[in-house]
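**Q** Pasting a structure here, questions to come.
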Amino acid sequence: MTTLLQTLEALERRPMRTFLTALGTALGIATIVALLAVSGGAQASASKFLNLGSSDLGLFQRDAADPTTSVLPLALVGELRHTRGIQAATPLVLLVGAVHRAPGAIAFGAYPDSFVTDRYVFLAGRMFTGDRQVAVGSGLAAQLHLQVGDTLTIAHHRLSVSGIYHMGVPEQDDGAVIAFGLAQKLAGKVGEATTVAVSLAPTVSRTQGIRTISRRFPGLLILGDGVNAPRTGVSGVLLSRLALVLAVIALVIGGVGVMNTMLMSVLERRTEFALLAAVGWSGPQIAMRVMAEGILTSIIGAGLGLLLGVVGAQLLVGLLGASEYVAPNVTAWDLGQALLVGVLLGVLGGMYPAWRAARLSPAKVLAER
Amino acid sequence: MPGSKVEVEKLTRALDGKVVLRDVSFLIEPGELVALTGPSGSGKTTLLQLLGGLDRPTSGRIMVDDIAVHALRHPTRYRREVVGFVFQLHHLLPALSAQENVELPMVAAHVPRRERHERARELLDEVGLLSRAASLPSSLSGGERQRIAIARALAGQPRLILADEPTGSLDALATERIWELLASVRQRHGSTILIASHDRGLLQHVERNLAIREGVVFEQGLDANQSDPDAETPPPSGGDPHDHAPANA
């Protein structure tokens, strides 16, 4: 307790040094938090992506590089409709980056009378009736100041806004729906779909549905929850692994940074530690002082890093122009992990400097004029 | 607490191939106040560091009471409980107040907080600086800093006080006050005190003078008008026994 109080006092009396040391740790922690938040946000966003008109399952081509690059034959839809336990199945084409002035919006190609679209609540106008019309989500309409009768350009095709709907699912409310045939044409997927949305019979559980479909159609990737969503393709796996690698690199950089800062602090204060040795402080007592300073500084740095990381994640996503795809998601567990990492960095980064401080020769150091 | 008896026998210290102390032998009785005079580079600091357990000799023996200092592998306890060191550059920690600097040796000894505070304030009172207890070293004069350093050296209630050029950076008035303070410390605490200094005014306050030249220690008189201690050559062997008596008392 005494050591803790003395260490706190020592840190308080050197505010600039304490701040700069903590800042080194904070940058490492902030990087980790930002990566965790963005990767968690990507997962959460992918989870919402599946929530198409209350469908129970989304079917994709296995090993597609990205969900939007999945290609499924339309014949599959007919076979699915005749599969036991499946109440409805409808094909969808997804167009990403095709909406003019709203690159993050997704344009859905769907049949206007499918179960995916039948729950849309129209705030103005109605569903599209042909290849020259588009129904626009309330979010997108607000963003682009669109009203019924205005024009919206999708993949260089000018379409008239037939209605403005609200669904309660951000990806759909921030997007638009066009005729399935038009979407196929624009995506170059004639006779094909990106995905098939499946609604299961009320008596069939999601697990049972996945089991049934995977037995009958082994080449499909069946997504039933958000955890599976990032695995939809090679890109998702790569992104997930890249985030892990970057987090480890940030950890190593943070650890080396803490050690370097602590070592500099020890070298700068070698006279102080030599003096302590000269007046009777033992090596372990001096090492304990250095370690305690390292850990406390790292905890302060971790706290600062948490703040920087949360703010940084938002900025990072904004700078990359990905805010419409990914909403950074920070959980209490992420924060706990970051704090734990901060303490570990303090312990690991402080060990070598503490050893150096404890081994200083008072005779040599104090004789220096 | 009575002062320590210091016995040094055939002490040699070589650093980087150069012999800094050569076959040094002397005896200091408990409670003696002794000067160690000699020019820069003659080995004064090295000798004090060896006596204080901050360094280890190449050969020879150092006995402080019944402690074989030359053989100590872990001298922490010896430094904490037996010796008090005063350095030329005072080495006060700049972030700590005067009182906290005085408390440092007691922190190492796990003295309870309240007792530590009381003892530090007593010592500050003794060196005439109780009113500056909360001051940082940067706001103190050179003489005041050195008095704080003396109070810190007394904090562990040492039997042996070693002062290495304690007035090296002080003016004449401040220097005189430090000598008077160390003499009064000896009177009050009975500690054995060995002071290394260039200042010949010190000789008026001590009982013995050990001179050191080129790593050789010998007894020298206390007459301040005697040969200049800064002279670069040691006395010829077999010189006047009164002026240059062997230090091996």
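The values are calculated or read from the model by the stated rules, or taken from the named source; none is laboratory data. Here the structure is a predicted model, which is why all the values come from computation and not from measurement. Neighbour counts run over all protein chains shown; Cβ positions are idealised from the backbone, glycine included.
**Q** Within the stretch A:115-195, considering only helices (runs of 4 or more DSSP H) that don't extend past its boundaries, which have at least 3 residues that are without any contact (Cβ under 8 Å) to a residue 60 or more places away in the chain and surrounded by fewer than 17 Cβ atoms within 10 Å (Cβ to Cβ)?
**A** none
**Q** Looking only at the stretch B:39-52, count every residue that is more than 9 Å from chain A (Cβ to nearest Cβ) and not in a helix (DSSP H, G or I) and tell me the total.
**A** 5
**Q** Against the condition modelled with pLDDT under 85 and buried (at least 16 other Cβ atoms within 10 Å of the Cβ), how does A:Thr21 come out, does it pass?
**A** Yes: the conditions hold for A:Thr21.
**Q** Out of the stretch B:12-30, which residues are within 18 Å of the chain's Cα centre (by Cα) and in a strand (DSSP E or B)?
**A** Within the stretch B:12-30, B:Leu21, B:Val24, B:Ser25, B:Phe26, B:Leu27, B:Ile28 qualify.
**Q** Quick check on my filter: what residues within the stretch B:172-226 are among the hydrophobic types (A, V, I, L, M, F, W, C) and in contact with a Lys or Arg (Cβ under 8 Å, 6 or more places away or on another chain)?
**A** Answer for the stretch B:172-226, where residues must be among the hydrophobic types (A, V, I, L, M, F, W, C) and in contact with a Lys or Arg (Cβ under 8 Å, 6 or more places away or on another chain): B:Ile178, B:Leu181, B:Ile193, B:Ala196, B:Ile212, B:Val216, B:Leu222, B:Ala224.
**Q** Within the stretch B:64-81, work out how many residues are charged (D, E, K, R) and either crowded, with 18+ Cβ neighbours inside 10 Å or within 13 Å of B:Met106 (Cα to Cα) (or both).
**A** Summing the residues that are charged (D, E, K, R) and either crowded, with 18+ Cβ neighbours inside 10 Å or within 13 Å of B:Met106 (Cα to Cα) (or both) in the stretch B:64-81 gives 4.
**Q** Let me ask something additional. Of the residues in the stretch B:60-79, how many are of a type in the set (Lys, Arg), over 15 Å from the mean Cα position of the chain (by Cα) and within 11 Å of chain A (Cβ to nearest Cβ)?
**A** 1
**Q** Given the criteria at pLDDT below 90 and either more than 19 Å from A:Gly280 (Cα to Cα) or surrounded by fewer than 18 Cβ atoms within 10 Å (Cβ to Cβ) (or both), does B:Leu15 qualify?
**A** yes
**Q** Across the stretch B:126-167, which residue is surrounded by the most Cβ atoms within 10 Å (Cβ to Cβ) among those that are of a type in the set (Ser, Thr, Tyr) and in a helix (DSSP H, G or I)?
**A** B:Ser139
**Q** Yes or no: B:Pro94 surrounded by fewer than 16 Cβ atoms within 10 Å (Cβ to Cβ) and at pLDDT below 90?
**A** Answer is yes for this residue.
**Q** While we're on this one: I'd like the full set of residues that are at the interface with another protein chain (Cβ under 7 Å from one of its Cβ atoms) and outside any helix (DSSP H, G or I), limited to the stretch A:264-285.
**A** Scanning the stretch A:264-285 gives A:Val279, A:Gly280, A:Trp281, A:Ser282.
**Q** Look through B:Gly84, B:Gly3 and report the one residue that is under 16 Å from B:Leu160 (Cβ atoms), surrounded by 16 or more Cβ atoms within 10 Å (Cβ to Cβ) and either free of Cβ contacts under 8 Å to residues at least 12 places away in the same chain or touching an Asp or Glu at 6+ places or on another chain (Cβ under 8 Å) (or both).
**A** The unique qualifying residue is B:Gly3.
**Q** Let me ask another. When you go through B:Val107, B:Val127 one by one, which is the residue that is within 25 Å of B:Thr192 (Cα to Cα), touching a Lys or Arg at 6+ places or on another chain (Cβ under 6 Å) and β-branched (Val, Ile, Thr)?
**A** B:Val127
**Q** When you scan the stretch A:111-119, do you find a residue that is farther than 25 Å from A:Ile210 by Cβ and touching a helix residue (DSSP H, G or I) at 6+ places or on another chain (Cβ under 9 Å), even just one?
**A** yes
**Q** Within the group A:Leu35, A:Leu50, which residue is crowded, with 21+ Cβ neighbours inside 10 Å and modelled with pLDDT under 65?
**A** From the options A:Leu35, A:Leu50, the qualifying one is A:Leu50.
**Q** If B:His74 meets every condition in (1) without any contact (Cβ under 8 Å) to a residue 40 or more places away in the chain; (2) assigned to a strand (DSSP E or B) apart from one, which number is that one?
**A** Only one criterion is unmet by B:His74, namely (2).
**Q** Looking only at the stretch B:80-137, count how many residues are at the interface with chain A (Cβ under 9 Å from one of its Cβ atoms) and among the charged types (D, E, K, R).
**A** Of the residues in the stretch B:80-137, 4 are at the interface with chain A (Cβ under 9 Å from one of its Cβ atoms) and among the charged types (D, E, K, R).
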